[in-house]
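Following: one structure in structure tokens, then a few remarks.
Laboratory data are not the source of any read-out in this text; all were calculated from the coordinates shown. Quantities reported herein were computed from a predicted structural model and do not represent experimental measurements. Glycine also receives a Cβ, built like all others from the backbone with ideal geometry; neighbour counts cover every protein chain displayed.
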Amino acid sequence: MFNFDFVIFLPLLTSFLITVFAVPVSLYFLRKYKVMDDPKKHLHPAILHKKPVPRGGGIPLFIGVFLTSLIFIPFTNLIAAAFFAAFISLVVGVIDDKYDISPYTRFLINIISAVIVVYLGANVPFITNPFGGILFLNQIQIPFLPFPFSSVSGLIAVLWIVWVMNMLNWSKGVDGQMPGIVAISALVIGFLSLRFSVLDQTSLIAATLSFIIAGASIGFLIFNYYPAKIFPGYGATAIYLLLAVASILSSAKLATAILVMGIPMTDGLFTIIRRVLSGKSPFWHDKKHLHHLLLGLGLGQKRVAFFYWIVSAILGSLALVLSSKGKLFAIIMLVIIAFGAILFLQFFIRKVNDKTSL
């Protein structure tokens, strides 16, 4: 039996407090070294703020998670690899926050970070078949690839980590949106992991890490809530990587993670498809994410953030009670409804803009 205080409450509270203290210190150095998002210099089509705001929120987030993990989590080879990979992502992300490096370079670092974690043990050995039984991915071999990438389990783990890092990075379009989504997702993954913690020490570690991430995200939300005093920046991908690893360690219940992060995940998938079909790079910037469409309807940043939080909380609650078949059905319905809603909003807003321009 585990101690709730040392798995849930103390890790969450500690990471919350460390992050709350780390943000003001980080703000001082970010301003000093001019790691700022200046709307006059940052030529991004989706910029909403009017005044310079410090970027680099990944720094206090990482500090909060890392220092708390030193206290509450045993640093196995895999956990050490995860934090090493996250630190690489943080450094590259902060460099991007300062100098705006190529998105292709950033993506390559995402892949390298994921490969490091998978090479040292993270994998998805099986998935539950919604129609009964277990599908063992580690028994499906891929020719010509070195271990541990010679089986589908390693490849799926790399793809999952890279996908979560990029998908959540796209979900920071309005103030407070991202830390709320990450906090809710981490809480759901944490509670899911506790179902197996008595039998599986790895799941117990996953649960503790998840609650640590949730606490840091809530602490950061205080400063990122509209109007934001600090932006997550690309360095926050370090936290997304750790969340992806936690979801893998939680007995490989990826369907739960997919469902709780369903809205940003569907929006990310739709964005890639839309950009590719229009002949543009998936990394091309635009103002057609779901949060931009909701802003186009007249919703303010606070309401858009609340919308994402509420939907994530509802989907997360469903993920904890649904069967594997129920989760599959919910994911399919979510994708269909979200795709339809995004298409409708794009059509509706285009029509309104056309009438306004007449």
task = Could you work out the relative contact order of the chain, using alpha carbon pairs under 8 angstrom and six or more residues apart, expressed as a whole percent?
result = 23 percent
note = When D38, D96 are ranked with the fewest other C-beta atoms within 10 Å first, the list becomes D38, D96
message = What are the membrane-span-like helices in the chain by this rule: whole DSSP H runs, Cα extent along the axis at least 27 Å, mean Kyte-Doolittle hydropathy at least 1.0?
response = 10-32, 77-99, 201-224, 301-321, 324-357
task = Subtracting the Cα-Cα distance from 0.36 nm times the residue separation, let me have the gained length for K229 to I314 in nm, one decimal.
result = 27.8 nm
key: Alpha carbon centroid spacing (whole Å) that separates the range 270-287 from the range 149-182   = 18 Å
query = Where in the range 144-169 is the amide nitrogen less than 15 Å from a point lying 7 Å along the Cα-to-Cβ axis of I272?
reply = 155-169
key: Cα pair count fraction exceeding 25 Å, expressed as % - the range 97-206   = 36 percent
ask   = Want the number for L108 to F348: 0.36 nm per residue separation, take away the alpha-carbon distance, what's left?
value = 82.7 nm
ask   = Roughly how many Å is it from the Cα centre of the range 294-344 to that of the range 73-93, as a whole number?
value = 30 Å
query = P(r) for the range 158-303: what percent of alpha-carbon pairs falls in each 5 Å bin, starting at zero?
reply = 2, 10, 18, 21, 19, 14, 9, 4, 2, 0, 0
inquiry  = Place a point 7 Å from Cα of L135 in the direction of its Cβ. Which residues in the range 249-286 have their backbone N less than 12 Å from it?
reply    = 255
ask   = Once you put a point 7 Å from the Cα of L159 and another 7 Å from the Cα of R195, both along the Cβ direction, what distance in nm separates them?
value = 2.4 nm
Helical contribution to [θ] at 222 nm, DSSP H n ≥ 4, -39,500 (n - 2.57), averaged over the chain, rounded to 500 = -22500 deg cm²/dmol
remark   = Most packed first (mean Cβ within 10 Å per residue), the peptides 263-270, 72-79, 242-249 order as 242-249, 263-270, 72-79
task = Output the peptides 158-168, 274-284 sorted from most to least packed, where packing is the average of other Cβ atoms within 10 Å over each peptide's residues.
result = 158-168, 274-284
